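The block underneath contains the structure these notes are about, expressed in structure tokens.
Computed from the coordinates by the stated procedures, all read-outs in this text should not be read as laboratory data. Remember, predicted model here, so these are calculated numbers, not experimental data. Using ideal geometry, Cβ is built from the backbone for each residue, glycine included, and neighbour counts are taken over all protein chains shown.
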Amino acid sequence: MTILSIGQPTHATTKQAITQIAGSDQFEAMDVAAAYITSSGLFDLREALNEPFNLSDEARQKRWLTSFDYLRTEPVALESLLALPNSSVRIHVPEVVLANKGMPKTPFHPKAFLFRRGEDVEFCLAGSGNLSRSGLSKGVEAGLAVGVDRSDAATSPQAIAAVNASREWFEHFWNASSQLNGALLSRYTNLYEAAENLRNPPATEDDTANSDPSREAISAEDLKKLRACRNFWIDAGNVTKNRGKFLPGNQVMMKRMSRVFFGFEARNLPKDSPVGVVELSYDGGAFGDYSLTFSNNGMDKLTLPVPGNGGPASYDNKILHFRAVAPRRFELRVLPKGQIGQLRNRSKSVEGAFKLKGGREWGVS
């Protein structure tokens, strides 16, 4: 029998506990019940599991039980779960929630991870953290994990009974929930991405106050839009010649904290600090890794595919359009300046059209 305590963030985080559990045995299956799932949470879970329980491994079964409650689960995260091999998703009473524009009659609020190998070895982790970045590592959370081997006579009968009860609870609600398919996901996505919702998205644990102290800082309300919206566009302007005087540049300067759209925290960093890596695909090409940094000019700087070598001839005076397709993975289109009006209007419908200090426009939708 194994017992792990979670006292986040000072003692041990949920993410650390999951990493320890996943590395302790060759688990064949994982079941997750979470009130809601964010893209950042799914990215961090993949990191926590890493190789011991690779989410892309077809031999390992994944079951995800979540909800549409309060429109907090992100459609991009659900699309990613459905795309995983040997992965299925079920939604707690979706019809009631869809009929009431996101409001449940009985809220679905669990946070549990169950790992198993065969009929005997099983871990159950239950706590207070959702499948979000905050729930896994950043917020103040508490929880407990118990692992048992039912074939070992030395295992506590009380521990086995507790894990069995958790397993029975999960199976009951799994069987009582609706299978997520393309049609159901489309209905939820339409509700989630409606202008009425994106103008003021419901907060999740990943939404925090802006740590940017400047007067021009993006407000906490607008940071929620960056986190919730699927589309981001920006007028590239005259791109810095970072590759040499006679070569087109491939680094776009964006408003500080634009990083939130790309899946990162709204936290202060020293200038010239790395923010992280995102995956980009230009014009339907292969995805590649590109760096996002906080530049010495106080702006977020994203490296793009090299012009003429995976990228367009030039980014100068073009509109860059990013569409989220998975956690920290984006499709990039380079559009003529003449399309800015259409993009601006779409962003205005969600009150997500902005301007940089120098006049360049950008927005989300």
| field | Helical mean residue ellipticity (222 nm; -39500 (n - 2.57) per DSSP H run of 4+; nearest 500) of the chain | value | -7000 deg cm²/dmol
| How about region 212-296: which chymotrypsin sites (Phe, Trp or Tyr not before Pro) there are in a DSSP loop, with at most 10 other Cβ atoms within 10 Å of their Cβ? | F246
| remark: Beyond 21 Å, the calculated P(r) of region 149-229 holds a percent of Cα-Cα pairs equal to 62 percent
| request: First obtain the Kirkwood hydrodynamic radius of the chain from its Cα pairs, then insert it into the Stokes-Einstein equation at 37 °C and 0.692 mPa s, and state the resulting D in µm² per second as a whole number. | output: 150 µm²/s
| Extension gain (nm, one decimal) between N50 and R323, 0.36 nm per residue minus Cα-Cα | 95.7 nm
| Paramagnetic reach from R267 in region 42-67 [backbone N under 18 Å; point 7 Å along Cα→Cβ] | 42-48
| Taking the alpha-carbon centroid of each part, what is the distance from region 255-275 to region 86-112 in angstrom? | 32 Å
| note | One finds, for S5 and E119 with R0 = 25 angstrom and r their Cβ-Cβ distance, a FRET efficiency to the nearest 0.05 of 0.40
| request: Please work out how much length the chain gains when fully extended from A176 to F287, using 0.36 nm per residue of separation minus the C-alpha to C-alpha distance, in nm with one decimal. | output: 36.1 nm
| task | Obtain the nm distance between the two label points defined at K348 and S88 by a simple spin-label model: each point lies 7 Å from its Cα along the Cα-to-C-beta direction. | result | 4.8 nm
| Separation of the A142 and D316 label points, Cα + 7 Å toward Cβ, nm | 6.1 nm
| query | What shape does region 173-274 have by the C-alpha gyration tensor, where a ≥ b ≥ c are the square roots of the eigenvalues, rounded means a/c under 1.5, and otherwise prolate means a/b greater than b/c and oblate the rest? | reply | prolate
| note | Those trypsin sites (Lys or Arg not before Pro) from region 220-296 that are DSSP loop and have at most 16 other Cβ neighbours within 10 Å turn out to be K241, R243, K245, R267, K271
| query | aspartates and glutamates near K355 by alpha-carbon distance under 16 Å, same-chain residues fewer than 8 away left out - which ones? | reply | E216, D222, D235, D300
| note | Yeah, region 225-335 with a ≥ b ≥ c from its alpha-carbon gyration tensor (a/c under 1.5 is rounded, else prolate when a/b outruns b/c, oblate otherwise) is oblate
| request: Post the alpha-carbon centroid distance, region 38-73 to region 290-365, in whole angstrom. | output: 28 Å
| request: Under 1.5 on a/c is rounded, so check that first for region 300-356, then, if it is not, pick prolate when a/b is larger than b/c and oblate when it is not; a ≥ b ≥ c are the square roots of the alpha carbon gyration tensor eigenvalues. | output: oblate
| query | Normalised by the number of residues in the chain, what is the relative contact order in percent for Cα pairs under 8 Å and 6+ residues apart? | reply | 16 percent
